[in-house]
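Bear in mind that the values in this text are calculations on the coordinates, not laboratory data. Owing to the predicted nature of the structure, the values given are computational and were not obtained by experimental measurement. Heads up, the Cβs are rebuilt from the backbone with ideal geometry, glycines too, and the neighbour counts pull from every protein chain shown.
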Amino acid sequence: MTEQILAVGRMQAYIEAHLEEEITMAHLSAVSLYSPWYSYRLFREHTGLTVADYIRRLRLSRSAMRLKNETVRVIDVALDLGFGSVDGYTRAFRREFGCNPAEYAKNPVPITLFVPYGVQYKFMRKESSAMEKVQSVFVQVVKKPARKAIIKRGVQAEEYFAYCGEVGCDVWGLLTSMDSLCGEPVCLWLSEKFKKPNTSTYVQGVEVDADYDGIIPEGFDVIDLSEAEYLQFQGEPFEEAHYGEAIGAVQQAMEKYDPARHGCRWDDENPRIQLEPKGERGYIELKAVVRK
C-alpha cells in the first residue's frame, strides 16, 4: 500500500472526526503530510470526489440520520453541520435525497446515504494477507427471532467485492437509512432455499419484524427467516490496514470450530451473516446451528 493511499486515509479519518467543524485544505494538508494542492489532487483521484463534495455529502447523510433518529429542529441540524442557512441546506438535501428535510423527519423513507468507504479497502483482499500472529476470537450463542430480510440480490457474487461490482456500493447507503432489528444492515450468504435462479449467494439487506408491511425499495426482495440460534464469532479490534487479517482470523476460526461443544451441529439452511467490519469492535460473522 502506497504512502499516497495512507495519506488519503488520514484525510478521510480527519474529516470524519471533525465533520461539525470548519475543515480546510490546510487542515487536511497537515494530516496528509503533503502540500494542499497535492493533497487535493490525491483526494480526488482516490475517492472520485472533490474534498468539498465529499464533505457536503457526508454532512447531508449525517444530518439525515439525526433527523431520523432524534427529535431535532431542521435549523439546528443545518447549523450544527456547517450549512449557512436553512434554505441552502434544504436545497442541498433535496438534490441529494429527492425530498426536503422537514418531510423526511416526519416520514423517514429509505434514502441512499453516502457511505465513505476508506480508500485503503480498495487495495486489500483477504486472500493476499498473511497472518502475522494468532488472534483471539470470541464465540457466543445468539438467538434470532422469526423475521423477514429485505435483500438486494446480485448476479453470481459469493463475496463483497464481486457483489459491489454487480450491484454497486450505494446499496449499503440505502440500507443504512432503514431500521433493522439488529441495529444495522447485514450481509448474507444464502442457501439454495433462499436463492432465485441466476442470482447471487452473497446479498446485502436488513432484518425486520416478521409482520413488517412497510416500504420495500425498488429492486429488493423479501425472504422469511425462521427463529434460529447462531454462533457469533467476533475477532479482536483492528486497524484499517489489517482489515484482511481480521477477516481471515475469524473465518479460519469458524472453519475449525466444532459446534458440538454447544450440543449443536451446523444449520446449512439458514443464511450465514456478516456485519460491517468496524475496527473498533472487531470483525463479526454469525453461523446458524441446530440442537442435536
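Under a no-solvent Debye model with one identical scatterer per Cα of the stretch 3-106, what's log10 I(q)/I(0) at q = 0.12, 0.16, 0.20, 0.24 Å⁻¹?
The Cα Debye sum returns log10 ratios of -0.44, -0.70, -0.94, -1.17.
Would you work out the relative contact order for the chain, in percent, from Cα pairs under 8 angstrom that are 6 or more residues apart? Walk me through the numbers before you get to the answer.
On the way: 477 pairs, mean separation 50.3, N = 292.
Normalised by residue count, the contact order of the chain is 17 percent.
Choose one answer from A260, A162, A228: the residue with the largest mean-square fluctuation in a GNM of the chain with alpha-carbon springs under 10 Å.
Its mean-square fluctuation being the largest, the pick is A260.
Tell me whether the stretch 164-226 comes out rounded, prolate or oblate; compute the Cα gyration tensor, take square roots of the eigenvalues as a ≥ b ≥ c, and use a/c under 1.5 as the rounded threshold. All intermediate terms of the calculation are to be shown ahead of the outcome.
Values: a/c = 1.65, a/b = 1.13, b/c = 1.47.
Note, shape of the stretch 164-226 comes out oblate.
Residue by residue through the stretch 269-279, which ³J(HN,Hα) values in whole Hz follow from phi under the Karplus form 6.51 cos²θ - 1.76 cosθ + 1.60 (θ = phi - 60°), with glycine and proline marked x?
8, 6, x, 6, 10, 10, 9, 4, x, 10, x
Using 10 Å bins from zero, what percent of all Cα-Cα pairs in the chain falls into each bin?
In whole percents, the pair-distance histogram is 6, 24, 31, 26, 11, 2, 0.
Just to confirm the number: angle between the C-alpha axis of helix 243-256 and the first principal axis of the chain, 0 to 90 degrees, nearest 10?
Helix 243-256 sits at roughly 10 degrees to that axis.
In degrees, nearest 10, range 0 to 90: what is the angle between the Cα axis of helix 51-69 and the longest Cα principal axis of the chain?
So the helix axis and the longest Cα principal axis differ by about 60 degrees.
Among 183-191, 202-210, how do they line up from the highest to the lowest mean number of other beta-carbon atoms within 10 Å? Walk me through the numbers on the way to the answer.
Working: 183-191: 17.9, 202-210: 21.3.
So the order, starting with the most tightly packed, is 202-210, 183-191.
Taking amide H atoms as placed 1.01 Å from N in the peptide plane, list the residues 5 or more away in sequence, or in a different chain, whose amide H sits under 5 Å from that of A210.
K148
Short version: what are the Cα gyration tensor semi-axes of the stretch 141-292, square root of 5 times each eigenvalue, largest first, in whole Å?
Numbers: eigenvalues 107, 80, 45 Å².
Square roots of five times the eigenvalues give 23, 20, 15 Å.
Tell me the Kirkwood radius of the stretch 232-292: reciprocal of the mean inverse pair distance over distinct alpha-carbon atoms, in Å.
12.2 Å
Roughly what angle does helix 36-47 make with the longest principal axis of the chain, taking Cα atoms, 0 to 90 degrees, to the nearest 10?
30 degrees
Normalised by the number of residues in the stretch 3-106, what is the relative contact order in percent for Cα pairs under 8 Å and 6+ residues apart?
Working: 86 pairs, mean separation 22.4, N = 104.
Normalised by residue count, the contact order of the stretch 3-106 is 22 percent.
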